[in-house]
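Trainee: Got a structure for you, written out below as structure tokens; questions coming shortly.
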Amino acid sequence: MNLYKYVSDEINKKLGLVAKLETPKNREFGDFSTNAAMVGAKAAGKNPRELANEFLPKLQELDFVENVSVAGPGFINIKIRDDFIFQNATTPKPIKNENPLVIDMDYGAYNVAKSLHIGHLRTSIVGDTLNRIFRFMGHKPLSWNHIGDWGKPMGLVIAWIEKLHPELPYFQPDFDPSKPVDYEISAEELNKYYPAASAFAKENADFQAHAQEIKAKFQDGHPGYFALYEKFLPVSLKMMNDTVQRLNILPFDYDLGERNAAQYVGDVEKILNDKHMIYESDGALVINVRREDDNAPIPPYMWRDSRGADTYDATDLAAVYCRKKTDNPDIIIYFTDLRQSLHFEQLFRTADISGIYPYDKFEHIGYGTINGKDGKPFKTRDGNAAGLDDILDMANTAVRERVAESGKKLDDETITSIALAAVKFNDLVHDVKSDYIFDPTSVTSFEGKTGPYILYTAVRLNSVLKRADNNITKPDHFDLSPEERNLLIEIMDFDRTVLTACDNRAPDMIANYAYDLCQMANTFYHNCPILRDDIDEKTRAGRIYIAKLAFDTLSTAIDLMGLTIPKEM
Ligand code: ARG
């Protein structure tokens with residue numbers, strides 16, 4: 001049961017108004033407090049305190065009310081009856097939504113021929129958790145891994161391979177695509193090529209220009225370049241796939257990116273031309289997206305670069321067109337680094353003006369940067385920008401060290417799932433927009449607001465249930481201790497938390513909820529012995545029942561965060 005919603009609805013019904021229910025941090029005076037008297041005072045021509053006192057006997061009639069009292073200028077505190085709590089606390093169930101929304105989610109969006117960087121961690125983790133939240137809420141999210149498989153990096157990598165191996169048939173004018181080429185490329189090599197090529201291009205204008213030309217020719221179907229692309233594409237796709245598995249995120253509904261979108265660029269260009277939206281500027285084709293009320297100048301959207309190649313901007317608009325045709329989504333949400341905000345603002349405006357997709361149905365969730373302890377973007381020990389694998393490896397090592405120090409023996413699978421929980425939880429617990437510090441030592445601690453602490457609590461609850469042989473019977477009546485009461489009220493707050501996290505696109509609410517629930521579950525565990533010999537049967541049954549509700553609720557939260565509970569810890 002969603003206790004908050006139930007209490008709020010019942011109060012409003014009883015008093016015939018729409019009041020706001022608050023949940024005070026300190027429950028000394030009540031579990032909830034309502035501003036009903038403030039809301040009704042004016043119409044009733046009374047002062048709020050007076051009206052509050054009149055409301056008390058009515059509220060006292062409600063089935064969940066233990067007692068009510070007036071506080072301050074006219075707030076009403078409400079204490080919930082213990083047996084109401086015990087009888088109505090339930091484990092969370094996915095919502096059956098009468099009006100599900102089709103939600104296209106664009107996250108992950110890894111790049112071909114570029115190794116996954118630290119920024120891809122956040123898009124993957126936050127995108128995946130929101131996907132799971134939307135599903136839980138009964139919506140229909142569809143995830144698009146908008147792979148960067150068409151743009152600038154292709155030109156650079158092909159140019160670099162040409163520089164290293166100019167003799168390869170791909171680069172000869174008489175290249176014959178039907179003849180197999182004896183050339184293989186490893187993931188390690190491929191990972192090095194893009195950074196090398198891009199650094200070289202910065203120093204060398206000719207190379208830069210050549211790479212751009214290659215990109216344009218490649219997009220036009222140059223047989224040699226395309227055959228070479230098809231050599232390294234699978235190597236890249238395999239790396240992406242490994243990452244998806246390593247991160248334990250849901251498989252994407254579509255692994256279709258820029259190259260897929262490029263097929264629609266022609267159709268979209270026709271729409272734009274019909275509306276006379278495209279004009280020439282410095283040899284490029286651009287679109288004006290300025291508005292009268294802009295405070296700062298917004299640069300034009302880049303439709304085609306001066307070499308005639310498809311741009312990131314063009315394929316992104318074409319992707320919207322494609323998604324509209326494929327899914328007809330109610331909302332389209334993008335998850336990228338905050339630094340791409342301008343790009344998305346331009347995209348949303350262009351889509352809106354062209355009539356392809358309305359501005360107010362788009363959302364961009366821009367996330368902050370992962371920093372090191374020095375507050376600068378996280379680097380590895382050798383001073384390089386950290387990749388996604390570096391982060392996971394570091395967390396793994398830190399967990400391994402901790403476990404070794406404690407003398408515990410845990411298998412590799414368990415260590416990996418603890419390390420992943422450490423990284424993911426630390427990401428989720430921070431507000432999406434904010435930067436945060438990644439410190440492998442502190443995020444892997446088994447105490448405090450960390451992933452391992454969350455998993456540890458779940459393992460502990462689970463082991464109590466196992467020791468009780470999962471023998472769960474709900475007593476008809478049970479006297480609640482304060483710890484049991486607090487824990488049950490928290491459990492009854494789960495549904496509201498997911499709903500708010502969903503509406504606010506705030507996965508940090510789930511992470512923080514999981515932490516609060518763990519705190520209460522551990523206090524319960526310490527103060528309310530379950531299996532000790534001196535505990536009578538009825539008390540034991542009630543506590544096992546509560547432990548089971550707590551475990552199921554925590555498991556659901558853990559699942560929404562895409563973590564897995566190890567067998568032991
Ligand atoms: N591939 C891009 C990157 O790694 C992100 C793409 C985000 N999605 C999009 N539709 N533009 O930065």
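The values are calculated or read from the model by the stated rules, or taken from the named source; none is laboratory data. Nothing here was measured: the structure is a model prediction, and the numbers come from that model. Ideal geometry is used to build each Cβ from the backbone, glycine not excepted, and the neighbour counts take in all protein chains shown. What goes into the accessible areas is simple: the full protein's heavy atoms, side chains included, and nothing from ligands, DNA or RNA. Shrake-Rupley method; radii C 1.70, N 1.55, O 1.52, S 1.80 Å.
Trainee: Of all residues being within 16 Å of the ligand (Cβ to nearest atom) and among the charged types (D, E, K, R) in region 138-165, which is farthest from the chain's Cα centre (by Cα)? Just the residue, please.
Mentor: K152
Trainee: Has region 336-354 got at least one residue that is within 11 Å of the ligand (Cβ to nearest atom), open to solvent by less than 40 Å² (accessible area, probe 1.4 Å), among the hydrophobic types (A, V, I, L, M, F, W, C) and not in a helix (DSSP H, G or I)?
Mentor: Checked against the condition, which is being within 11 Å of the ligand (Cβ to nearest atom), open to solvent by less than 40 Å² (accessible area, probe 1.4 Å), among the hydrophobic types (A, V, I, L, M, F, W, C) and not in a helix (DSSP H, G or I), region 336-354 yields no hits at all.
Trainee: Give D427, D435, D439, D495 a once-over and let me know the one that is more than 27 Å from I391 (Cβ to Cβ) and out of contact with any Cys (no Cβ under 8 Å at 6 or more places or on another chain).
Mentor: Exactly one of D427, D435, D439, D495 is more than 27 Å from I391 (Cβ to Cβ) and out of contact with any Cys (no Cβ under 8 Å at 6 or more places or on another chain), namely D495.
Trainee: Something else now. Restricting attention to region 114-137, report how many residues are open to solvent by less than 30 Å² (accessible area, probe 1.4 Å) and more than 12 Å from the ligand (Cβ to nearest atom).
Mentor: The qualifying residues number 10.
Trainee: Just to confirm my filter: which helices (runs of 4 or more DSSP H) fall fully inside region 436-516 and include at least 3 residues that are more than 21 Å from the chain's Cα centre (by Cα)?
Mentor: In region 436-516, the matching helices (runs of 4 or more DSSP H) lie at 451-467, 482-491.
Trainee: Can you tell me which residues in region 240-255 are in a loop (DSSP other than H, G, I, E, B) and among the β-branched types (V, I, T)?
Mentor: Within region 240-255, just I249 meets the criteria.
Trainee: Go through region 166-222 and report how many residues are surrounded by fewer than 16 Cβ atoms within 10 Å (Cβ to Cβ) and among the hydrophobic types (A, V, I, L, M, F, W, C).
Mentor: So the answer is 6.
Trainee: Test I544 against the stated conditions and say whether it is open to solvent by 50 Å² or more (accessible area, probe 1.4 Å), on the phi < 0 side of the Ramachandran plot and in contact (Cβ under 8 Å) with a residue 12 or more places away in the chain.
Mentor: For I544, the condition - open to solvent by 50 Å² or more (accessible area, probe 1.4 Å), on the phi < 0 side of the Ramachandran plot and in contact (Cβ under 8 Å) with a residue 12 or more places away in the chain - is not met.
Trainee: Then there's this: Return yes when P234 is open to solvent by 50 Å² or more (accessible area, probe 1.4 Å), part of a helix (DSSP H, G or I), free of Cβ contacts under 8 Å to residues at least 24 places away in the same chain and closer than 21 Å to L116 by Cα and no when it is not.
Mentor: Taking the combined requirement at face value, the residue satisfies it.
Trainee: Looking at (1) more than 22 Å from M277 (Cβ to Cβ); (2) in contact with a Lys or Arg (Cβ under 7 Å, 6 or more places away or on another chain); (3) surrounded by fewer than 21 Cβ atoms within 10 Å (Cβ to Cβ), which one does T397 not meet, given that it meets all the others?
Mentor: (2)
Trainee: Can you find, within region 93-113, the residue that is farthest from the ligand (Cβ to nearest atom) among those that are part of a strand (DSSP E or B) and modelled with pLDDT of 95 or more?
Mentor: By that ranking, first place goes to V102.
Trainee: May I pose another question? If we scan region 80-90, do we find a residue that is closer than 25 Å to H139 by Cα and either away from the ligand (no atom under 16 Å from the Cβ) or surrounded by 15 or more Cβ atoms within 10 Å (Cβ to Cβ) (or both)?
Mentor: Checked against the condition, which is being closer than 25 Å to H139 by Cα and either away from the ligand (no atom under 16 Å from the Cβ) or surrounded by 15 or more Cβ atoms within 10 Å (Cβ to Cβ) (or both), region 80-90 yields at least one hit.
Trainee: In addition: In this structure, does D313 turn out to be open to solvent by 10 Å² or more (accessible area, probe 1.4 Å), without any contact (Cβ under 8 Å) to a residue 40 or more places away in the chain and within 13 Å of the ligand (Cβ to nearest atom)?
Mentor: Spelling it out, D313 is indeed open to solvent by 10 Å² or more (accessible area, probe 1.4 Å), without any contact (Cβ under 8 Å) to a residue 40 or more places away in the chain and within 13 Å of the ligand (Cβ to nearest atom).
Trainee: Same structure again: Any idea which of E66, E61, E22 is open to solvent by 50 Å² or more (accessible area, probe 1.4 Å) and farther than 22 Å from R496 by Cβ?
Mentor: Of the residues listed, the single one that is open to solvent by 50 Å² or more (accessible area, probe 1.4 Å) and farther than 22 Å from R496 by Cβ is E61.
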